[in-house]
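Each remark here refers to the structure printed beneath this line.
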Amino acid sequence: MGLITGLLTLPVAPVRGVVWVAEKLHDAAERELHDPAVLRAQLAVLNQEFEAGDITSDEFEREEERLLDRLHAVRTGPAHNNRERR
């Protein structure tokens, strides 16, 4: 970025900073959403809640299916997911 461009775009610098932070937060959320270790930990917590009687059988099955679907999607990769959506 040249000096003139830098001076002319200075008023929008805070916006660029906010966009950068938002992108970093989005990237971190995506990594956590698709991390198999996080999904397995969520399944373990779900099992504990069910065994403790904190959730019903229907709630357990519904949430377990959702988590297992996400885990399967992570393992098969994005190419497989794109074929399923068509």
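The values are calculated or read from the model by the stated rules, or taken from the named source; none is laboratory data. As the structure is a prediction and not an experimental result, all values here were calculated from the model. Heads up, the Cβs are rebuilt from the backbone with ideal geometry, glycines too, and the neighbour counts pull from every protein chain shown. Calculation scope for accessible area: heavy atoms of the full protein, side chains included, ligands and nucleic acids excluded. Shrake-Rupley method; radii C 1.70, N 1.55, O 1.52, S 1.80 Å.
Annotation note: Cβ proximity below 7 Å between a residue of the stretch 25-50 that is open to solvent by less than 70 Å² (accessible area, probe 1.4 Å) and a residue that is among the aromatic types (Phe, Trp, Tyr) (sequence gap 6+ or interchain) occurs for Leu46/Phe60. When Gly17, Gly6 are checked against the criterion of being small (Gly, Ala, Ser), surrounded by 10 or more Cβ atoms within 10 Å (Cβ to Cβ), in a helix (DSSP H, G or I) and over 24 Å from the mean Cα position of the chain (by Cα), a single residue qualifies: Gly6.
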